[in-house]
1. Out of A177, A184, which single residue is closer than 28 Å to R284 by Cα and either open to solvent by 70 Å² or more (accessible area, probe 1.4 Å) or out of contact with any Lys or Arg (no Cβ under 9 Å at 6 or more places or on another chain) (or both)?
2. Can you say whether L249 is touching a Leu at 6+ places or on another chain (Cβ under 7 Å) and either open to solvent by 60 Å² or more (accessible area, probe 1.4 Å) or closer than 20 Å to A171 by Cα (or both), as far as the supplied structure shows?
3. Across region 137-172, what is the number of residues that are assigned to a helix (DSSP H, G or I) and either more than 26 Å from the chain's Cα centre (by Cα) or closer than 25 Å to S236 by Cβ (or both)?
4. Could you list, in sequence order, the residues of region 275-294 that are in a loop (DSSP other than H, G, I, E, B), surrounded by fewer than 23 Cβ atoms within 10 Å (Cβ to Cβ) and free of Cβ contacts under 8 Å to residues at least 60 places away in the same chain?
5. For region 303-320, which residues satisfy the criterion of being under 12 Å from S292 (Cβ atoms) and surrounded by fewer than 18 Cβ atoms within 10 Å (Cβ to Cβ)?
6. Which of the residues spanning region 305-338 are part of a loop (DSSP other than H, G, I, E, B), touching a Pro at 6+ places or on another chain (Cβ under 8 Å) and farther than 21 Å from F235 by Cα?
7. Only residues that are in a loop (DSSP other than H, G, I, E, B), of a type in the set (A, V, I, L, M) and farther than 16 Å from D293 by Cβ: list them for region 339-367, please.
8. Of everything in region 214-246, what is open to solvent by less than 70 Å² (accessible area, probe 1.4 Å), aliphatic (A, V, I, L, M) and under 17 Å from A182 (Cβ atoms)? Give them in sequence order.
Amino acid sequence: MSGRRDHAGRGAPDAMGAAPRRGCTWLGDLALALETIAPQDEGTARRIARLLGLGPSSTTGPQDTGPAWSADAPPEHTAATAAGKGPELPATGEERGSAVPTMLEGLALDPEDPGQYGAVDAGAVGGGTGHPRLSPLETLPAWPRGWSRPSVARPDRELMSRRPTHTPLLAPLSTAALLEAALAGTASEGEVEIETTVDFLARGLPLTELPRRLLRTLRHGVQILVDHGPAMQLFSRDQMQLCERVEALVGKEKTELLRFAYAPLRGAGKGPFWTWRTYQPPPRGSAVLLLSDCGTIGPPGDHRRSRPAEWREFAAEVRRHGARPVGLLPLPRDRFPAWLPATMPVFAWDRGTTVGHVTARVAPAQAGCGANSVLGGEG
């Protein structure tokens, strides 16, 4: 007998190296089926053989009970077979395996007689080994499928190739006003302070310049620090869009864009990271807009994550140069660490932040009431 087929349905190669053609069933397959199923009577064994295409092609007419499982079988086995009960097979796998040759002999299948294999395709011999290749005895119609709902439409390739619409973190209609409230500084460019002027003149003090009211202005410029660390990669598109909004509001000539990773004091620059140098704060009166997580989020176990001491030193360095640090963090206000609001004004980078909240918290810090301001939603 030829070797049994593998899982792919292809016969094992013969001694000449040629693999039998696909779709062939051999006596080895029948032996494996009988060993696995362990039929209790000869009729079941014959039905198994017919299902594998190894029995007679005609399924009509009386069934030939044939001889018992073996010519040497005990008399009680022959009587039981004639009564339609059949002999009982051994229970263990090893005993069943030894009984398979006896069952094959009882089926009286002759490997050299093609008529015992059902319909045979003449001239189609598997692998040149002399074993005939079987052809289908019957073709059943496909199972009818009646779906109650129409199938889902195929995806549009043009639509899939388009870039998804970006939804900014800040409300588009109030972004300009919010940025102006957070970044604008003060300058003595308003109306003349009459009361202050009269007081100076009444006391005989020299008046070198007219005292004027303070006005909020963006003419001092803005320095944007964009964090390119791994924690902010998800928000790179938001960073780019916000930088464009700041340039449109302040002016490109008044906007300086610097990139850094983890912390600005480790190095910053306008180009690739190998061109970064020591961080330099902007001129006096400028605002420093920080787009970072300030070390609050990021991959666990990242030893390069920034530490609170680095941000305290950064905020102190910016203030020594007369600039004002302001932070935008892409996380809710209740997740701000306690040390961060005490270091510099920060607010949540989401749509819950409004212009009123920013103005109420930035104005005291600019007036010298300290940097203990949190810019975010309602507290």
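The values are calculated or read from the model by the stated rules, or taken from the named source; none is laboratory data. Because the structure is predicted, anything quoted here is derived from the model rather than measured. Neighbour counts are summed over all protein chains in view; Cβ atoms, including those assigned to glycine, are modelled from backbone coordinates with ideal geometry. Protein only, heavy atoms only, side chains kept; ligands, DNA and RNA dropped before computing areas. Shrake-Rupley method; radii C 1.70, N 1.55, O 1.52, S 1.80 Å.
1. Going through A177, A184 in turn, the sole match is A177.
2. Values: touching a Leu at 6+ places or on another chain (Cβ under 7 Å): yes; either open to solvent by 60 Å² or more (accessible area, probe 1.4 Å) or closer than 20 Å to A171 by Cα (or both): yes.
Considered against the rule, which asks whether it is touching a Leu at 6+ places or on another chain (Cβ under 7 Å) and either open to solvent by 60 Å² or more (accessible area, probe 1.4 Å) or closer than 20 Å to A171 by Cα (or both), L249 comes out as yes.
3. The initial filter retains those residues of region 137-172 that are assigned to a helix (DSSP H, G or I), namely 157-161, 172.
Imposing the further condition that a residue be either more than 26 Å from the chain's Cα centre (by Cα) or closer than 25 Å to S236 by Cβ (or both) reduces the set to 159-161, 172.
Adding up the residues that qualify gives 4.
4. W276, T278, Y279, Q280, P281
5. E310, the sole residue that qualifies.
6. H321, G322, A323
7. Once the filter is applied, which keeps residues that are in a loop (DSSP other than H, G, I, E, B), of a type in the set (A, V, I, L, M) and farther than 16 Å from D293 by Cβ, region 339-367 yields A342, A367.
8. L218, V222, I224, L225, V226, L242, V246
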